[in-house]
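Accompanying notes for the structure given below.
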Amino acid sequence: MKSFLRLMVIIILNSQLSILNCSCSKDTYDKGDGQYSYLRGDFAEALVGADKKIVSLMTDEGETLPLLQPYAAKWITRSDTIYRCMLYYNKVRDSKGQYVAEAISVGEVPCPLIVPLSELEVEMKTDPVKFESAWMSKTGRYVNLSFSLKTGKSEDDEAVHSLRVVQDTIMTNPDGTATSYLRLYHDQGGVPEYYSTQAYASIITSEIPADSVSITINTYTGTVTKAFRLTRTSH
């Protein structure tokens, strides 16, 4: 169904990070001037140009940085648009002395759409995930989720995770403000649960018609609920 984000893995950077770690020798760190000595990791909005390459980004801290060199990736399929991503980079100065980002690894972060429970076309499912953390970006534009999915090799090509954010209701508080109550929809989809893989997702706060939000996530150790006051800022 088009209304669902269907995926085998939301985003995996573990293999890329392993390559980075293996390529860093002790001498490089001792000198403090190796390629990965100042490696940073940030959630960001990536601006993609006409050639389908990332040319600049705005981090969740609100800092805008052009890329030292345009960055291409197979998951970038549209030009002249903005992608949500997890970026590993070095913050360096260009020939003019201005700060730019030297991209090392960039992975797409999905932004699942919010669907009201009344409009959900299938049975509500909350198969467990391994919850790690939830936080709001400094810009207030996203609520970020970090969790792990149980996965494994399957002979069934149709076995995929399905992820969605479902809005149960919007309640008016005594002070006149409104709170949106969300739940993470997760369908294991027949994927074997052999090992855990890192996953991220970002909820776009402009899609939440309320002053605050409460997000409930089913985990292997019980239900977790996180609440945030929405303080959106403009670009």
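The values are calculated or read from the model by the stated rules, or taken from the named source; none is laboratory data. What you are looking at is a predicted structure, and each value in this text was computed from that prediction instead of being measured. Virtual Cβ from ideal backbone geometry, glycine too; neighbours counted across all protein chains shown. Quick note on the areas: whole protein, heavy atoms, side chains included, nothing else; ligands and nucleic acids left out. Shrake-Rupley method; radii C 1.70, N 1.55, O 1.52, S 1.80 Å.
Quick notes
- Condition check for Ser202: in contact with a Pro (Cβ under 8 Å, 6 or more places away or on another chain), touching a residue at least 60 places away in the same chain (Cβ under 8 Å) and within 23 Å of Tyr83 (Cβ to Cβ): yes
- Unmet criterion (only one of (1) in contact (Cβ under 8 Å) with a residue 24 or more places away in the chain; (2) open to solvent by 30 Å² or more (accessible area, probe 1.4 Å); (3) under 27 Å from Thr64 (Cβ atoms); (4) in contact with a Ser or Thr (Cβ under 7 Å, 6 or more places away or on another chain)) for Lys150: (3)
- So Cys111, is it within 19 Å of Ala201 (Cβ to Cβ) and surrounded by fewer than 19 Cβ atoms within 10 Å (Cβ to Cβ): yes
- Qualifying residue in the stretch 62-84 (condition: within 30 Å of Tyr195 (Cα to Cα), touching a Leu at 6+ places or on another chain (Cβ under 7 Å) and touching a residue at least 60 places away in the same chain (Cβ under 8 Å)): no
- Scanning the stretch 153-168 for residues that are open to solvent by 10 Å² or more (accessible area, probe 1.4 Å) and in a strand (DSSP E or B) yields Arg164, Gln167, Asp168.
- Only one of Ala101, Ala50, Ala72 that is modelled with pLDDT of 90 or more, over 17 Å from Arg141 (Cβ atoms), in contact with a Lys or Arg (Cβ under 9 Å, 6 or more places away or on another chain) and open to solvent by 60 Å² or more (accessible area, probe 1.4 Å): Ala72
- Applying the condition of being part of a loop (DSSP other than H, G, I, E, B) and in contact with a Leu (Cβ under 9 Å, 6 or more places away or on another chain) to the stretch 194-235 and asking which residue is surrounded by the fewest Cβ atoms within 10 Å (Cβ to Cβ) yields Asp211.
- Any hit, the stretch 9-31, residues being at pLDDT 95 or above and farther than 25 Å from Met136 by Cα: no
- For the stretch 78-98, the set of residues classified as closer than 17 Å to Glu45 by Cβ and either open to solvent by 80 Å² or more (accessible area, probe 1.4 Å) or within 18 Å of the chain's Cα centre (by Cα) (or both) consists of Arg78, Asp80, Thr81, Ile82, Tyr83, Arg84, Cys85, Met86, Leu87, Tyr88, Tyr89, listed by residue number.
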